[in-house]
Amino acid sequence: MSHRLNEFGQPIGWTVADWSARPRPGREPMAGRHCQVLALDLTRHADDLWAALCPQGNQASWTYLPYGPFPDQDAFDQWLSSAALKDDPLFHAIVDQRTGKAVGIASFLRIDPANGVIEVGHIHFSQSLRRSAAATEAMALMMARVFDELGYRRYEWKCDALNQPSRAAAERLGFRFEGIFRQAIVTKGRNRDTAWYSVIDSDWPALKQRFARWIGPANFDEAGRQRQSLSAL
């Protein structure tokens, strides 16, 4: 049932019983089989992330982000230092369990404890991380923190409507498309229409089970190739 009627015969939303503001996400590590998701730390992660995200010829990976590319590591480190101090967005480094090196970034942002809404964004994966088990696991770990640990009701993914890889990733991870906000932002001197996606708390149990099945050892052969895709699951 999506709504009920009040005493005036008007449709209103269902009662959210015993609701209270949710905790804000902390900086505790999130660990899985393939990766760790750690609060961004300039001292620990700067060199790895510079090597992973800013190699020569990788400028195209910054097109849909509101910052970058950076001319040198000093400029990158200045941005990283500022990002690491923030609580919203709360930036994390994605660290490969095999190598111990940071190979990507993601953040919690637009954190709304009163309404139980939080967004994942500022996602920037190195070439080696994209479409890997570690990449999927990192997103699953962050989703688990939002729903299992903190009890939020809604998890959002927003991106430039022209960013097809980001839109495909959202759908692959189980986010539901909600529409296009036209002329939502001016970024880097150009218009951005924003595509909105979400997962809500009632979606999470089935998604959690699918992530566990996909990431599990039984889904990979001896060469590390997936037997069944996440989309198929």
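The values are calculated or read from the model by the stated rules, or taken from the named source; none is laboratory data. It should be emphasised that the depicted structure is a prediction, and the values quoted were computed from it without experimental measurement. As a convention, Cβ positions derive from the backbone with ideal geometry for all residues, glycine included, and neighbour counts pool all protein chains shown.
What number of residues within region 44-64 satisfy the criterion of being assigned to a helix (DSSP H, G or I), polar (S, T, N, Q) and either touching a helix residue (DSSP H, G or I) at 6+ places or on another chain (Cβ under 9 Å) or modelled with pLDDT of 95 or more (or both)? Adding up the residues that qualify gives 1. Looking across region 57-88 at every residue that is touching a strand residue (DSSP E or B) at 6+ places or on another chain (Cβ under 8 Å) and among the small types (Gly, Ala, Ser), the one that is surrounded by the fewest Cβ atoms within 10 Å (Cβ to Cβ) is identified as Ala83. Screening Arg27 with (1) in contact (Cβ under 8 Å) with a residue 12 or more places away in the chain; (2) outside any loop (DSSP other than H, G, I, E, B) gives one miss only, at (2).
As a summary of the residue check, Tyr67 satisfies the conditions (1) assigned to a loop (DSSP other than H, G, I, E, B); (2) of a type outside the set (A, V, I, L, M, F, W, C); (3) within 30 Å of Gly151 (Cα to Cα); (4) under 23 Å from the mean Cα position of the chain (by Cα) except for the one numbered (3).
Pick out the one residue from Gln36, Gln10 that is on the phi < 0 side of the Ramachandran plot, surrounded by 11 or more Cβ atoms within 10 Å (Cβ to Cβ) and either out of contact with any Phe, Trp or Tyr (no Cβ under 9 Å at 6 or more places or on another chain) or modelled with pLDDT of 95 or more (or both). Full working, then the answer.
Numbers: Gln10 fails: surrounded by 11 or more Cβ atoms within 10 Å (Cβ to Cβ).
On inspection, the qualifying residue turns out to be Gln36.
Given the residues Ser198, Ser166, Ser132, Ser229, which is the only one that is within 16 Å of the chain's Cα centre (by Cα), farther than 27 Å from Gly116 by Cβ and among the small types (Gly, Ala, Ser)?
Checking each option against the conditions leaves just Ser132.
For beta carbons closer than 6 Å, sequence separation of 6+ or different chains, a first residue in region 64-89 that is under 25 Å from Asn163 (Cβ atoms) and a second that is among the polar types (S, T, N, Q) and modelled with pLDDT of 95 or more, the qualifying pairs are Tyr64/Asn163; Pro66/Thr187; Pro89/Ser107. Annotation note: of Arg227, Arg154, Arg213, Arg192, the sole residue that is over 30 Å from Trp50 (Cβ atoms), charged (D, E, K, R), in contact with a strand residue (DSSP E or B) (Cβ under 8 Å, 6 or more places away or on another chain) and free of Cβ contacts under 8 Å to residues at least 40 places away in the same chain is Arg227. Scanning region 156-188 for residues that are part of a strand (DSSP E or B) and farther than 25 Å from Gly68 by Cβ gives Arg176, Phe177, Glu178, Gly179, Arg182.
Rundown of residues vs (1) closer than 21 Å to Val95 by Cα; (2) basic (Lys, Arg), yes/no style:
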site	(1), (2)
Thr136	yes, no
Ala144	yes, no
Gly179	no, no
Arg182	no, yes
Ile185	no, no
Asp193	no, no
Trp196	no, no
Ile200	no, no
Leu230	no, no
